[in-house]
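Structure, as structure tokens:
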Amino acid sequence: MDNWHSFLKKNGAKFSNKKEISFEKTQPIVDHSKKESFFTPLTHLGLIQLEGIDARQFLQGQVTCDIELLSKDNSIFGARCTPKGRTLTNFQLHETCDDKLLMIMHRSLIGLVIKDLSRYAAFFKVTLIDATELYAVFGLVNVTLDSQFDVSSSFSYKDGRELVTIAGHHATDLWDELSNISTVDGYNSWETLNIQSGIPILQKETSGSFVPQMLNLDYLDAISYTKGCYTGQEVIARMKYLGKLKRKMYRITRTSNQIVSPGTPCYVEDINQISGYVISSIQLDSNFQELLVVLTDQAAISQHMSIGNANIEKVQYLPISYMKS
């Protein structure tokens, strides 16, 4: 995919050290009240490809989602957990036209998850490979794609967005087609919509720290409580039926121009211990940020918080559509 990244750079792209993409001459955030249309190459995401006659059976016993719900026309959210129920990664699961399964997640977790799953794959007729360089991933906002060639897979979000994958050698073709009907924008605009929709993207810094319900993955239909056993299932089921969830994910805004990294601790005034962690954050303009943070119930009733090394400051809680009463 070096050719793909070189192509993007020739078209004004810049990359962060995590492959988050930005473009010159674009605004950091889109005014969605105007139903603007844009597309984003999601170069910060990676893919694991599973192939073989046992691929579905193997994955069914390893992840939180019900693989029986997966089809070429229905991609789903899911998570891979440790035996103690901690989320190693969350992902989108796609089935391609050639019956391969694709787990799409932050690229910083690809190696970790392949190593973890490979310990169990030896007992099944399935192969796992890092397919990050085999596919290109695009995010579409208010774009109706009438492609002259088939995309490999797609995922429709409840907020109207679409994520599509395409074989790497067709990436520039899809770019050309999208450029004729829309405008390109960067990671900031796409990730803002993830935050507003309450969709976490775990990275290396936040892997293994939370049970899935703390990340609101149950609201995203990423957890099956009826499909049977899978790694971490006992802890996850106990949390639903017998336990009391004492942390969950919130969307907040703060006044700052110092962006904070995933995994940054949060402190609430008068509580002398860590009260939560940042999952993701985005700079909306020179003054305001939006963040997804996992907080304790006790912390979430406070309107004042310190994030990282910052002083105690006022924060505002913002709605997430799936948590509206």
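The values are calculated or read from the model by the stated rules, or taken from the named source; none is laboratory data. Fair warning: this is a prediction, and the values are worked out from it, not measured in the lab. In this analysis, Cβ positions are derived from the backbone assuming ideal geometry, glycine residues included, and neighbour counts consider all displayed protein chains. Calculation scope for accessible area: heavy atoms of the full protein, side chains included, ligands and nucleic acids excluded. Shrake-Rupley method; radii C 1.70, N 1.55, O 1.52, S 1.80 Å.
Restricted to Cα positions, what overall size does segment 247-301 have along the principal axes? Three whole-Å values, descending.
30, 20, 18
So what's the back-of-envelope 222 nm ellipticity for the chain, counting only DSSP H runs of four-plus at -39500 (n - 2.57) apiece and dividing by all residues, rounded to 500?
Numbers: 7 runs with 61 residues, N = 325.
Using -39500 (n - 2.57) per qualifying helix, the result is -5000 deg cm²/dmol.
Just the Cα atoms of segment 157-205, one point each, no solvent: what log10 I(q)/I(0) does Debye give at q = 0.20, 0.27, 0.28 Å⁻¹?
Result of the Debye calculation: -0.90, -1.13, -1.14.
Using just the alpha carbons, could you tell me how many Å³ per residue the convex hull of segment 279-325 encloses?
108
Quick one: compute the contact order of the chain, relative version, from alpha carbon pairs under 8 angstrom and 6+ residues apart, as a percent.
Relative CO of the chain lands at 19 percent.
For segment 170-325, compute Rg over Rh where Rg is the Cα radius of gyration and Rh is the Kirkwood radius from the inverse mean 1/r over Cα pairs. Before the final figure, lay out each step's value.
Details: Rg = 17.8 Å, Rh = 17.2 Å.
Here Rg/Rh amounts to 1.03.
Please work out which option in [x] 67, 52, 41; [y] 72, 47, 40; [z] 58, 51, 34 gives Cα extents along the principal axes in Å calculated from these coordinates, and answer with its label.
[z]
How much area per residue is accessible in the chain when the probe is 1.4 Å and only protein heavy atoms are counted (Å²)?
Spelled out: the 1.4 Å probe surface of the chain, per residue, equals 47 Å².
What is the packing order of peptides 41-49, 98-106, 236-244, taking the mean over residues of other C-beta atoms within 10 Å and listing the highest first?
In descending order of packing, they fall as 41-49, 98-106, 236-244.
What is the diffusion coefficient of segment 9-163 in µm²/s, taking the Kirkwood radius over Cα pairs and the Stokes-Einstein relation at 20 °C with a viscosity of 1.002 mPa s?
127
Only Cα pairs under 8 Å and at least 6 apart count here; give the relative contact order of segment 281-325 as a rounded whole percent.
20
Could you check the simple spin-label distance between ASN287 and ASN11, using points 7 Å along Cα→Cβ, in nm with one decimal?
3.5
Run the numbers for TYR120 and ASP270: contour at 0.36 nm per residue of separation, minus the present Cα-Cα distance, in nm.
Answer, rounded to one decimal: 49.4 nm.
Work the Kirkwood hydrodynamic radius out for segment 153-236: mean of 1/r over every pair of different alpha-carbon atoms, inverted, in Å.
The Cα-based Kirkwood calculation yields 15.9 Å.
Compactness ratio of segment 200-252: Cα Rg over 2.2 N^0.38 Å, N = residue count?
After normalising by residue count via 2.2 N^0.38 Å, the value is 1.16.
With viscosity set to 1.002 mPa s and temperature to 20 °C, compute the Stokes-Einstein D of segment 33-81, Rh being the Kirkwood radius across alpha carbon pairs; µm²/s, no decimals.
Taking Rh from Cα pairs, D becomes 157 µm²/s.
Counting C-alpha atoms alone, how compact is segment 121-181: give Rg to one decimal and Dmax as a whole number, in angstrom.
14.2, 48
How much length is gained if the chain between ASP173 and ASP221 is pulled fully straight, taking 0.36 nm per residue apart and subtracting their Cα-Cα distance, in nm to one decimal?
Contour length minus the Cα-Cα distance gives 14.0 nm.
Would you calculate the convex hull of the Cα atoms in segment 97-151 and tell me its volume per residue in Å³?
106
Quick check: at a probe of 1.4 Å, how many percent of the accessible area of the chain sits on carbon and sulfur atoms?
Heavy-atom surface of the chain belonging to carbon and sulfur, 1.4 Å probe: 48 percent.
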